[in-house]
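Student: Got a structure for you, questions after.
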Amino acid sequence: MFKTLATLIHGQNARAEDRVRDAFAIELIDQKIRESDNSLRAAKATLASLIQRQRSEQKQHAGLKSRISDLTRRAQDALANDRDDLATEAARAIAGMENELALRADTLQRLDQKIMRLRSSIESGHRRIIDLKQGAIQARAVRREQDIQMQMHRSGVTTSSVDEAEELIARVLGRDDPFERTEILADINRDLDGGSIADRMADAGFGNATRSTPDDVLARLKAAQN
C-alpha cells in the first residue's frame, strides 16, 4: 500500500516537474546558455594563464640553454689553459643547469598537452554554445506560434468558428436579390394586365410608345431649345 502511494506521489511530482519545465522551457534554455557562457569564459581565462606560464617557461628554458652554452665554452677554454679548477667548478654549474633544463623541458611538455586539450575543449564548447543559441531562437519562434494559437483559441478564432463564418457568408451571398425579385413581379403583373404586349407592339412600331426612352428625352430637350 505504502509503496503504491509512494509510486503515485512520485509520478505526480514527476508530471508536475515536467509541466513546470515545459512552462519555463525558454527561461531554462536561456539560463543554461548563460551558465555555459560563464564556463566558457572561465576556461578561456585558464587557457590564457597556461599560455602565459608556457611563455615564461620557454623564456627561462631558452635562457638556461644560452647560459649552458656560454659556460661550456668557458670551461673548454679553462681546460685548454690548464685551469682544471675553474673547469671543474664550471662543470658542476653546468650539471645543475642541465638538470634544471630537463625539469623545465618536462614542464613545457605538460603545459603543451594541457593547452592543446583545453583549447580543443574551448573550441568544442564554443561551437555547442552557438548551436544552443540557434536552438533557443527556434524555440522562441515555436513558443510565439504556440502562444498565438492559444490566443486565437481563447478568443474563439478556431477552425469551427471560421467554417461557420464562411457558411454564413455563403448563405448571405446566395440569397435572392430582393430588387430583382420586385422587377420580376412587376413584369409578371404587366403581363397579366396586358401592359407587356402593348410595350412590345410599341417597340415594334405599332402605335405610340408607352414608355419613355432616352431618344424621347433627347428630342424633348432639343425642341425646348428651339
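The values are calculated or read from the model by the stated rules, or taken from the named source; none is laboratory data. Predicted model, so just to flag it, every value in this text is computed and none were measured. Quick reminder, even Gly has a Cβ in these numbers, built from the backbone with ideal geometry, and neighbours come from all protein chains shown.
Student: So which pairs qualify, if the first residue must be in segment 91-111 and more than 19 Å from LEU50 (Cα to Cα) and modelled with pLDDT of 95 or more, the second must be of a type in the set (Val, Ile, Thr) and assigned to a helix (DSSP H, G or I), the Cβ gap must be under 6 Å, and the two must be at least 6 apart or on different chains?
Tutor: Every condition considered, no pair remains.
Student: Collect the residues in segment 118-142 that are under 19 Å from LEU28 (Cα atoms), β-branched (Val, Ile, Thr) and modelled with pLDDT of 85 or more, keeping them in residue-number order.
Tutor: Answer for segment 118-142, where residues must be under 19 Å from LEU28 (Cα atoms), β-branched (Val, Ile, Thr) and modelled with pLDDT of 85 or more: ILE129, ILE130.
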